[in-house]
1. Look at residue 149 and say whether it is among the hydroxyl-bearing types (Ser, Thr, Tyr), within 16 Å of the ligand (Cβ to nearest atom) and closer than 20 Å to residue 25 by Cα.
2. How about region 81-114: which of its residues are touching a residue at least 60 places away in the same chain (Cβ under 8 Å) and either basic (Lys, Arg) or in a loop (DSSP other than H, G, I, E, B) (or both)?
3. Kindly provide the set of residues from region 116-128 that are within 16 Å of the ligand (Cβ to nearest atom) and not in a strand (DSSP E or B), ordered by number.
4. Listed residues 34, 61; which is of a type in the set (Val, Ile, Thr), part of a helix (DSSP H, G or I), over 18 Å from residue 113 (Cβ atoms) and assigned by TED's automatic domain parsing to the domain that holds residue 136?
5. Among the residues of region 36-51, what is the count of those that are more than 16 Å from the ligand (Cβ to nearest atom) and under 16 Å from residue 8 (Cα atoms)?
6. Return the only residue of 28, 61 being out of contact with any strand residue (DSSP E or B) (no Cβ under 6 Å at 6 or more places or on another chain), within 13 Å of the ligand (Cβ to nearest atom) and not hydrophobic (A, V, I, L, M, F, W, C).
7. For the condition of a type in the set (Phe, Trp, Tyr) and within 14 Å of the ligand (Cβ to nearest atom), what is the one hit in 16, 91?
Amino acid sequence: MSIQKQARRLTAPDIFARKGGEPIVMLTSYHAHTASLVDQHCDVILVGDSLGMVMHGFESTIPVTVEMMILQGHAVMRGSSHSLVVIDMPFGSYEGSKEQAFASAARILKETGCGAVKLEGGKRMAETIAFLVERGVPVMAHVGLTPQSINVIGSFKAQGREEADWQRIEQDTIAVAEAGAFSVVIEAVAEPLARKLTASVAIPTIGIGASVACDGQVLVLEDMLGLTPRVPKFVKRYGDLGPGIEKAVADYAAEVRSRAFPGPEHVYAMKAK
Ligand code: KIV
């Protein structure tokens, strides 16, 4: 009897160890099927709270709940076997207190089996990050543009355009690294700042709209596939699936309407042979 060794899933320490090394490839996924497609090419799959906008059509990520994240997190865990799966802590599930954050994070880890959580915020979340990490919760931080703050910042605009803002974003990045985050997403900051941040911390920086000067990159899968109508300017489209899907649906509808659709009769005809 041969014993096949199952490939081990990547862990938060594996990703931490990639600082300054081979760039980290990260994409979002919310479903088992897309997770199985991206798994072999990615190091990290993020079950992002962007699912609120991408899957559910909300205007922002604010309405997303822990239950929604757990449901889609389960699906992504079932569809993947190689990548580290990181699940976003949604707005309102962690900011109240360190204890609230731990209860939410523990629920997400226990109920999905994922390898880490992500939360937004720099200096203000440092104490919470340390509390979680000390209690066995690997944390990916998220600084720069933090979409859950939309009602305070007013729009999804790039951060750190003025050099005067750099210090704050740098302090945020250093604070989450010192608190024990194993990596940090840096969203929508200009290249010189991204380069400075990447040089300032010993944890990998993962950029989204933050130039090549990061240790890795993340994109929202549907954005890079051309499946979302409103895409941030920095997103490069690697596919244009929207029109392809529309054409397939139109072809199907036309066949059904003209009674040319090869439905079960086709299968029965084959069986009868
Ligand atoms: O929710 C999400 O998809 C994210 C990425 C944009 C990094 O946080």
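The values are calculated or read from the model by the stated rules, or taken from the named source; none is laboratory data. This is a predicted model, so every value here is computed, not measured. Cβ placement follows ideal geometry from the backbone for every residue including glycine, while neighbour counts extend to all protein chains displayed.
1. no
2. 81, 82, 83, 114
3. Across region 116-128, the qualifying residues are 121, 122, 125.
4. Only one candidate passes the filter, namely 34.
5. Counting residues in region 36-51 that are more than 16 Å from the ligand (Cβ to nearest atom) and under 16 Å from residue 8 (Cα atoms) gives 4.
6. 61
7. 91
Residue-by-condition table, conditions (1) in contact with a Pro (Cβ under 7 Å, 6 or more places away or on another chain); (2) closer than 24 Å to residue 22 by Cα:
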| position | (1), (2) |
| --- | --- |
| 169 | no, no |
| 172 | no, no |
| 182 | yes, yes |
| 190 | no, yes |
| 200 | no, yes |
